[in-house]
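Input: a single structure, listed below in structure tokens.
The values are calculated or read from the model by the stated rules, or taken from the named source; none is laboratory data. Just so you know, these numbers come straight off a predicted model, no measurement behind them. Every residue, glycine as well, gets a Cβ built from its backbone with ideal geometry; the counts of neighbours run over all protein chains shown.
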């Protein structure tokens, strides 16, 4: 099937044509300097192994820089700066990097030593609408492929090695899952690179010192996510107006008004300038959504923890205990964070050391729903700074 986000948008009564056949359970809704010491080669279980070669096979993603609280249009100038540390921001499903602009602006304004790199993930935003970029993101549309896109884009920007690798990655919902996937894959790629004989492999980003996962619940995507995708895929294209889309989604499809209003921000002019079409590719979104249940979310957290505690002895952990951490932020109003799930995470948290020294730190924003960066922006920033990203 061709990319539905770009096809047939100028013919009347055309539909995106995606049918939802994947049934789900209601298990889930959804310059700091690198520590330089020789890593010990660690073998992950075969079921989570990834291949690693001299260059990572991935696509190129549209990116946007935010420095000092401002979007920087001169990307070449922004990329060449060495006086700030890079933080990568990853958006959620059906969104784009601009969804995290406000958060990135606030963080970089308050912490001028940090610069934000906002990425549009494969099948989303300007990566989807730019033919030269979308052509690089070939199937399969797996989490591994998505993470390799991030790695390949950072290589292309020369954000690699001990001095220029991003110090942190921040992801919301689907983006949080990819933040964890990225941390896991960069560990594996670097481990394989260290264990190779030639020593001539292409540099890749070092694993992030801080991985921030914003309300990404392990397991299958919540049924409501499938409902939204099914709804937007059934809307006739091109869409006459943003108001029309909002009305159809709320009145005919039963979508929450806030979600419907947000969906209007994901529209662009159709190729024939008659109405609108989506900025995302529904084929890619559906493929990625069906990967949610396949991701070994908790297993990857355990793997990262084992590497963290192998590479940091007691003394260095005391000195740098806020580095190399996975930070999980839970929305207090998201019912998918069940007691059983929280207990399992707490068990991982305290398995190797005390909770205070653990590589896994968990935070709760009591008054926030799934959109934690909208519902409690100030609380989220305070948590992030408390966690050591400043």
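Regarding the stretch 278-286, can at least one residue be identified that is farther than 30 Å from residue 346 by Cα and more than 19 Å from the chain's Cα centre (by Cα)? Yes, the conditions are met somewhere in the stretch 278-286. Of the residues 329, 228, the single one that is modelled with pLDDT of 95 or more and within 28 Å of residue 389 (Cβ to Cβ) is 329.
Filtered by the rule that a residue be surrounded by 13 or more Cβ atoms within 10 Å (Cβ to Cβ), at pLDDT below 75 and outside any loop (DSSP other than H, G, I, E, B), the stretch 332-357 gives a lone residue, 357.
None of 135, 145, 165 is surrounded by fewer than 24 Cβ atoms within 10 Å (Cβ to Cβ), outside the structural domain of residue 263 (by TED's automatic domain parsing) and closer than 20 Å to residue 327 by Cα except 165. Residue 360 fulfils the conditions (1) in contact with a strand residue (DSSP E or B) (Cβ under 6 Å, 6 or more places away or on another chain); (2) at pLDDT below 90; (3) within 24 Å of residue 144 (Cα to Cα) except for a single criterion, (2). When residue 47 is tested against (1) more than 20 Å from residue 211 (Cα to Cα); (2) modelled with pLDDT of 50 or more; (3) not in a loop (DSSP other than H, G, I, E, B), just one condition goes unmet, and that condition is (2). Within the stretch 100-124, the set of residues being part of a helix (DSSP H, G or I) and crowded, with 24+ Cβ neighbours inside 10 Å comprises 100, 104, 107.
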